[in-house]
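The values are calculated or read from the model by the stated rules, or taken from the named source; none is laboratory data. Since the structure is predicted, the reported quantities are computational estimates derived from the model, not experimental observations. Using ideal geometry, Cβ is built from the backbone for each residue, glycine included, and neighbour counts are taken over all protein chains shown. All accessible areas refer to the heavy atoms of the entire protein, side chains included, with ligands and DNA or RNA removed. Shrake-Rupley method; radii C 1.70, N 1.55, O 1.52, S 1.80 Å.
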Amino acid sequence: MTDGFAIVAKNEILPIKDKNTGSSLSKIYVGAGWDVNEGKTADLDLVAACLVNGKLTSGTRLVYFGDKTEPGVTLGADNRTGAGDGDDENIVFELDKVEADVTEIAVGLVAYSGADLSSAKNVKFRGVSGTKATDPQIFEVPMVMAEAGDTVLHAATFKRETDGTWTVKNVNTFYKKGAGVKAVEGFRDLFLAA
C-alpha cells in the first residue's frame, strides 16, 4: 500500500473492495496516464473488451473511441496528445450494470497515430472508488516501458468472481499489431474465439 492505495505488480491480483469496510465496490473510474517522450508524437487510446470466459462474443463488446459504451462500461473523452498532468483518458465501470454473462473486462492501450507505444513513458493505470478522477484512489497498475514496434498493450483484466465480487489483475503485456485501426483490431483479436 502507498498513500492508502495498492500498487498491483505484474501478475498480481487485487480484490476490488472498500479498504475500510471490505465491501465490494460497484463504481470504478479507471484513468490512464502517460507522457510522450521529447521530440515524439503519439495518439494513444484506451480500449476495453467485455469478455465471456476470456473471449469476445460479438464486435459490439469492444469499447474504444468509435464505440464508447457497453452496459456498465463508458469510455471518456479522447485525448490525442497525452499533454498535461493527470489522467489522459478514462473508463468508468458500473460493475452492477455489466451484462450478467460478462466474466472479464480486459483494458488496454493502443497506438493510434504518430509513433508506437515506446514513444510514451510513465504509463500507468489507476483505479478510484467512484466515477470521477478526484474520488479516492484504491489501486495503481504501473507499466513497464514498451519496445520499438509495440502498438498494443493489454494492461489489466477485471474479473467477476463466482461470488459476484470483482478483482483486477496486472497483465502488462505488449504486442506488435500495427498502428491505427490495426492496433484497435489487434487488441480485439487477442480475445476472439478460435
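Applying the selection to segment 121-150, what residues are among the hydroxyl-bearing types (Ser, Thr, Tyr) and touching a Phe, Trp or Tyr at 6+ places or on another chain (Cβ under 6 Å)?
Matches in segment 121-150: Thr131 only.
Evaluate segment 61-71: report whether one residue or more is closer than 14 Å to Ile105 by Cβ and part of a helix (DSSP H, G or I).
Yes, the conditions are met somewhere in segment 61-71.
Identify, by number, the condition in (1) within 19 Å of Lys132 (Cα to Cα); (2) open to solvent by 10 Å² or more (accessible area, probe 1.4 Å); (3) modelled with pLDDT of 95 or more that Glu104 doesn't meet.
Among (1) within 19 Å of Lys132 (Cα to Cα); (2) open to solvent by 10 Å² or more (accessible area, probe 1.4 Å); (3) modelled with pLDDT of 95 or more, the lone unmet condition for Glu104 is (1).
Just to check your reading of the model, which residue among Asp85, Asp116, Asp96, Asp135 is over 15 Å from the mean Cα position of the chain (by Cα), at pLDDT 90 or above and open to solvent by 10 Å² or more (accessible area, probe 1.4 Å)?
Exactly one of Asp85, Asp116, Asp96, Asp135 is over 15 Å from the mean Cα position of the chain (by Cα), at pLDDT 90 or above and open to solvent by 10 Å² or more (accessible area, probe 1.4 Å), namely Asp96.
So if I check each of Val152, Val123, which one is within 15 Å of Ala48 (Cα to Cα) and either modelled with pLDDT of 90 or more or β-branched (Val, Ile, Thr) (or both)? It would help to see each step written out before you state the result.
Values: Val123 fails: within 15 Å of Ala48 (Cα to Cα).
Step by step, each of Val152, Val123 is checked, and only Val152 is within 15 Å of Ala48 (Cα to Cα) and either modelled with pLDDT of 90 or more or β-branched (Val, Ile, Thr) (or both).
Going through segment 9-60 one residue at a time, which ones are touching a helix residue (DSSP H, G or I) at 6+ places or on another chain (Cβ under 8 Å), of a type in the set (D, E, K, R), closer than 19 Å to Val152 by Cα and not in a loop (DSSP other than H, G, I, E, B)?
Within segment 9-60, just Asp45 meets the criteria.
Go through segment 14-60 and give me each residue that's exposed (fewer than 12 other Cβ atoms within 10 Å of the Cβ) and touching a residue at least 24 places away in the same chain (Cβ under 8 Å).
Scanning segment 14-60 gives Asn53, Gly59.
Step by step: first the residues of segment 142-168, then only those that are within 19 Å of Glu99 (Cβ to Cβ) and in a loop (DSSP other than H, G, I, E, B), then the one that is most open to solvent (accessible area, probe 1.4 Å). Which residue is that?
It comes out as Thr162.
Condition (residue is in a loop (DSSP other than H, G, I, E, B) and of a type in the set (Val, Ile, Thr)) applied to segment 101-120: is it met by at least one residue?
Looking through segment 101-120, at least one residue is in a loop (DSSP other than H, G, I, E, B) and of a type in the set (Val, Ile, Thr).
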